Amino acid sequence: MTNDEIFKALGLSAEVTGGTLIVHSPIDSAEIARVAETAASDMPAVIARAQSAFKEWRQVPAPRRGELVRLLGEELRAAKDALGALVTLEAGKITSEGLGEVQEMIDICDFAVGLSRQLYGLTIASERPGHRMMETWQPMGPVGVISAFNFPVAVWCWNTALALVCGDPVIWKPSEKTPLTAMGSMKIMERALARFGDAPEGLCQLVIGGPAVGEALVGSDDVPIISATGSTRMGRIVGPKVAGRFGRAILELGGNNAMIVAPSADLDMAVRAIVFSAVGTAGQRCTTLRRLIAHNSIRDDLVARLTKAYASLPIGDPRHATTLIGPLVDHGARDRMLAMLEQAKAEGGMVHGGKPVASGAPQGGAYIEPAVVEMPCQSAAVREETFAPILYVLGYDSLDEAIALQNDVPQGLSSCIFTLNLREAETFLSAVGSDCGIANVNIGPSGAEIGGAFGGEKETGGGRESGSDAWKGYMRRQTNTVNYSAQLPLAQGVKFDI
Ligand code: NAD
């Protein structure tokens, strides 16, 4: 599909010209659109529209709210190829990953439709006769969704599918690097809204711009939930601001994900998992494998296999069917990768790969070979998230040592162990094992399914999105006690007779 065909298929026309925000494709750095930015002065009206939509939407029965999400899922299925192609064009993901991102949107819609009939509360035994206690879940209010460039559409959908069935409107501020995919997604949402018929105006809104536009959401008492996905640097600003007004923050921040490879591991499987997790999306996933902690008895063998596998990886235009590694999002990202490789060398690292790609890829894009870096210890470079395909390799002798290394970083998103030893696997998953939000056995750290709650601990921010009971983050919990007796007994046997 040409750029114009992609825009046309999604219903984007006048919106892609004439604005002040210039959009470049990572494929070749060419300008692909100019879009209008939301003025800071418009933000109070946007938030007021969401508040008034909330007053109506919260009264719509949840299964009917689910109907809107079902229609969104249908529209996404119909637009999958076009939106996937736009993800490739604007974020630089290879074709199958662009399509995979849209599939993730469809999957969360299906999940949320079922959820719309399952917003269960508890019935709790009361200590008082003739009393019933229960817990109910109520809509909370507008959700401000701030998203990162690397999952330009799925993160919005994770939040929106849940928020809508929970009775909450959504205001979305995408990354300033990926406004087009957001605009395309809103066109798809508009089709679902039109078919739904009577959703309130302002239920799903999009605002375009940089941090200042996000800050208007973050600072507003009328946006009770802020779901912010991005760097830990951003979370350090957003988190305290939301806490300062007693809002609720769902923070999905940086990761520094590790794999432990034990002596019993199936090395063929481990190598495949390592390569996908470390170089997929050109190392630009929050769950990308960044640290390989290999038992010293197999470390050299593993590094040899990896460097061989890396040498044959097709790097180039992400639109070509055979390409496995596309460009980094921009030249700044490549510069940061090169600088970090220099730092790793200065800290005693031995670098394999990591050179800019000069031929076989479109001119203008930031293409680079993924790097494997053998490190003598978990130095400062290793402890930092560099958003690029650098895989640091460390050795270990005992499982305790490996788990200590895995946990000894500020981030706590995803982790895994490759082992055929049950004791090792269960120890890794136990209270003394991985301290991350995601811990896998014989699967890489990246590529989560939507059924499980997604998120991480420590500097990853503690938020949970997507499956399991993550929906509770979008609702307020209310404890109810109903007295159907003719007495008024007090709890704990307290007497207060008048
Ligand atoms: P980023 O932090 O630069 O930007 C993310 C979003 O935050 C953008 O929309 C940006 O405009 C906004 N923003 C920045 N400063 C802000 C402020 N002060 N107030 C309000 N909004 C602000 O991140 P990025 O480069 O787009 O994405 C890469 C990062 O995102 C990586 O660290 C990656 O690990 C992380 N990430 C995490 C997850 C997760 O689920 N844990 C998922 C995807 C990406």
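Tally time: how many residues in the range 102-118 are within 23 Å of the chain's Cα centre (by Cα) and assigned to a loop (DSSP other than H, G, I, E, B)? Explain how you work it out, then say what you get.
Looking only at the range 102-118, we keep the residues that are within 23 Å of the chain's Cα centre (by Cα), and these are 102-116.
Those left that are additionally assigned to a loop (DSSP other than H, G, I, E, B): 116.
Within the range 102-118, residues that are within 23 Å of the chain's Cα centre (by Cα) and assigned to a loop (DSSP other than H, G, I, E, B) number 1.
Can you name the condition, by its number, that Ile368 falls short on among (1) more than 30 Å from Glu401 (Cα to Cα); (2) within 16 Å of the ligand (Cβ to nearest atom); (3) among the aliphatic types (A, V, I, L, M); (4) over 23 Å from the mean Cα position of the chain (by Cα)?
Condition not satisfied by Ile368: (2).
If I ask for residues that are within 16 Å of the ligand (Cβ to nearest atom) and farther than 21 Å from Ala381 by Cβ, which ones from the range 267-280 would you list?
Gly280
Being within 24 Å of the chain's Cα centre (by Cα), closer than 15 Å to Pro410 by Cα and of a type outside the set (A, V, I, L, M, F, W, C) is the filter here, so list the residues in the range 371-396 that pass it.
Arg383, Glu384, Glu385, Thr386
Output the qualifying pairs, or none if there are none: Cβ atoms under 7 angstrom, residues six or more apart or on different chains, first residue in the range 139-150 and over 13 Å from Val223 (Cα atoms), second residue of a type outside the set (Val, Ile, Thr) and near the ligand (Cβ under 9 Å from one of its atoms).
Every condition considered, the pairs that remain are Ser147/Pro174; Ser147/Ser175; Ala148/Ser175; Ala148/Gly230; Phe149/Ser175; Phe149/Lys177; Asn150/Gln284; Asn150/Arg285.
Of the residues Ala431, Ala470, Ala425, Ala486, which is under 25 Å from Gly100 (Cβ atoms) and aliphatic (A, V, I, L, M)? Spell out the reasoning first.
Details: Ala431 fails: under 25 Å from Gly100 (Cβ atoms); Ala425 fails: under 25 Å from Gly100 (Cβ atoms); Ala486 fails: under 25 Å from Gly100 (Cβ atoms).
Of the residues listed, the single one that is under 25 Å from Gly100 (Cβ atoms) and aliphatic (A, V, I, L, M) is Ala470.
Starting from the range 444-469, take each residue that is under 22 Å from Thr232 (Cβ atoms) and of a type in the set (Ser, Thr, Tyr) and list its partners that are assigned to a strand (DSSP E or B) and away from the ligand (no atom under 12 Å from the Cβ), counting only C-beta distances under 8 angstrom and pairs at least six apart or across chains.
Ser446/Leu289
Within the range 457-498, how many residues turn out to be over 23 Å from Met134 (Cβ atoms), small (Gly, Ala, Ser) and in a loop (DSSP other than H, G, I, E, B)?
First, pick out the residues of the range 457-498 that are over 23 Å from Met134 (Cβ atoms): 457-467, 495-498.
Keeping just the survivors that are small (Gly, Ala, Ser) gives 461-463, 466-467.
Subset that is in a loop (DSSP other than H, G, I, E, B): 461-463, 467.
Number of matching residues: 4.
Rundown of residues vs (1) closer than 22 Å to Ile403 by Cα; (2) part of a strand (DSSP E or B); (3) aliphatic (A, V, I, L, M); (4) in contact (Cβ under 8 Å) with a residue 60 or more places away in the chain, yes/no style:
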{"position": "Asp300", "(1), (2), (3), (4)": "yes, no, no, no"}
{"position": "Asp317", "(1), (2), (3), (4)": "no, no, no, yes"}
{"position": "Gly332", "(1), (2), (3), (4)": "no, no, no, no"}
{"position": "Arg336", "(1), (2), (3), (4)": "no, no, no, no"}
{"position": "Leu341", "(1), (2), (3), (4)": "no, no, yes, no"}
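Could you please let me know if Gly235 is outside any loop (DSSP other than H, G, I, E, B), within 16 Å of the ligand (Cβ to nearest atom) and either out of contact with any helix residue (DSSP H, G or I) (no Cβ under 8 Å at 6 or more places or on another chain) or under 25 Å from Ser52 (Cα atoms) (or both)? Break it down into steps so the answer makes sense when it comes.
Values: outside any loop (DSSP other than H, G, I, E, B): yes; within 16 Å of the ligand (Cβ to nearest atom): yes; either out of contact with any helix residue (DSSP H, G or I) (no Cβ under 8 Å at 6 or more places or on another chain) or under 25 Å from Ser52 (Cα atoms) (or both): yes.
So Gly235 fits the description; yes.
Considering only residues of the range 195-232 that are more than 9 Å from the ligand (Cβ to nearest atom) and among the hydroxyl-bearing types (Ser, Thr, Tyr), which is nearest to Gly462 (Cα to Cα)?
By that ranking, first place goes to Ser227.
Can you tell me which residue is farthest from the chain's Cα centre (by Cα) among those in the range 437-456 that are in a loop (DSSP other than H, G, I, E, B) and within 11 Å of the ligand (Cβ to nearest atom)? Before the answer, list the steps.
Looking only at the range 437-456, we keep the residues that are in a loop (DSSP other than H, G, I, E, B), and these are 437, 442-452, 455-456.
Those still in the list that are within 11 Å of the ligand (Cβ to nearest atom) too: 437, 446, 448, 455-456.
On the way: Gly437: 13, Ser446: 11, Ala448: 10, Gly455: 8, Gly456: 10 Å.
Applying the filter and picking the extreme gives Gly437.
I want to confirm something. Restricting to the range 388-410 and keeping residues that are of a type outside the set (A, V, I, L, M, F, W, C) and buried (at least 24 other Cβ atoms within 10 Å of the Cβ), which single residue is nearest to Gly461 (Cα to Cα)?
Kept after step one, since they are of a type outside the set (A, V, I, L, M, F, W, C), are these residues of the range 388-410: 389, 392, 395-398, 400-401, 406-408, 410.
Now restrict to residues that are buried (at least 24 other Cβ atoms within 10 Å of the Cβ): 389, 392, 406.
Working: Pro389: 23, Tyr392: 23, Gln406: 18 Å.
Out of the qualifying residues, it is Gln406.
Which residue is nearest to the ligand (Cβ to nearest atom), if the candidates are limited to the range 343-365 and must be in a helix (DSSP H, G or I) and more than 23 Å from Asn296 (Cβ to Cβ)? It would help to see each step written out before you state the result.
Residues of the range 343-365 that are in a helix (DSSP H, G or I), as a first pass: 343-346.
Now drop any that are not more than 23 Å from Asn296 (Cβ to Cβ), which leaves 343, 346.
On the way: Gln343: 18, Ala346: 23 Å.
Within the range 343-365, the match that is nearest to the ligand (Cβ to nearest atom) is Gln343.
Spot the failing condition for Ala192; the list is (1) assigned to a helix (DSSP H, G or I); (2) near the ligand (Cβ under 7 Å from one of its atoms), and only one is missed.
(2)
Any read-out appearing in this document is the output of simple, stated calculations on the displayed coordinates, not a laboratory observation. Because the structure is predicted, anything quoted here is derived from the model rather than measured. Positions of Cβ are generated from backbone atoms using ideal geometry, with glycine treated the same way; all protein chains shown enter the neighbour counts.
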